1. Among the lysines, which fall within straight-line cross-link reach of residue 52, defined as a Cα-Cα distance under 23 Å, with same-chain neighbours fewer than 8 residues apart omitted?
2. From the backbone phi of the range 71-88, what are the Karplus-calculated ³J(HN,Hα) couplings (6.51 cos²θ - 1.76 cosθ + 1.60, θ = phi - 60°) in whole Hz, Gly and Pro given as x?
3. What is the angle, in °, between the Cα long axis of helix 41-51 and the longest principal axis of the Cα atoms in the chain? Nearest 10 is fine, range 0 to 90.
4. Residue separation times 0.36 nm, minus the C-alpha to C-alpha distance between residue 40 and residue 12: what's the value?
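The numbers here are math on the coordinates, done by the rules we state, and not lab data. Just so it is clear, the model here is predicted, and its values are computed rather than measured.
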Amino acid sequence: MHEASIANSILEISIGTAIENNSNKITLVSVRIGKMATIDESSLRFAFDAIKENTIAENAVFEFNRVPLLGVCTDCNHEAEYPGYFVACAECGSMSIKMVSGDELEIAHIEVE
Ligand SMILES: [Zn+2]
């Protein structure tokens, strides 16, 4: 039920933001999820659609964006996209790679009316 609790947080934050902006209708909720975040898109979408009923977000479009896994070599500063795990730096062969992006779980933006 990991996705259900995340969907709940996303909905609460979205509604809170809409209220702060004196809006009573949310039209779009866009999230950014890193490749390394263990979130299943269809489960999250399903959970969000289920709980948005009868809220000001009930007609909101749910937009899901995957953020690629990017790493930077701490020895030569070479930055590259990785397939879901880190391998040796393509430039210098170092195994010392630091994550730049890929573990995000955040609301990118919300549109209201
Ligand atoms: Zn390197």
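1. 25
2. With coefficients 6.51, -1.76 and 1.60, one gets x, 10, 6, 7, 8, 10, 6, 6, 9, 8, 8, 10, x, x, 7, 8, 10, 4 Hz.
3. With both axes taken from Cα atoms, the answer is about 20 degrees.
4. On the way: separation 28, 0.36 × 28 = 10.08 nm, distance 1.97 nm.
Taking residue 40 through residue 12 to full extension adds about 8.1 nm, to one decimal.
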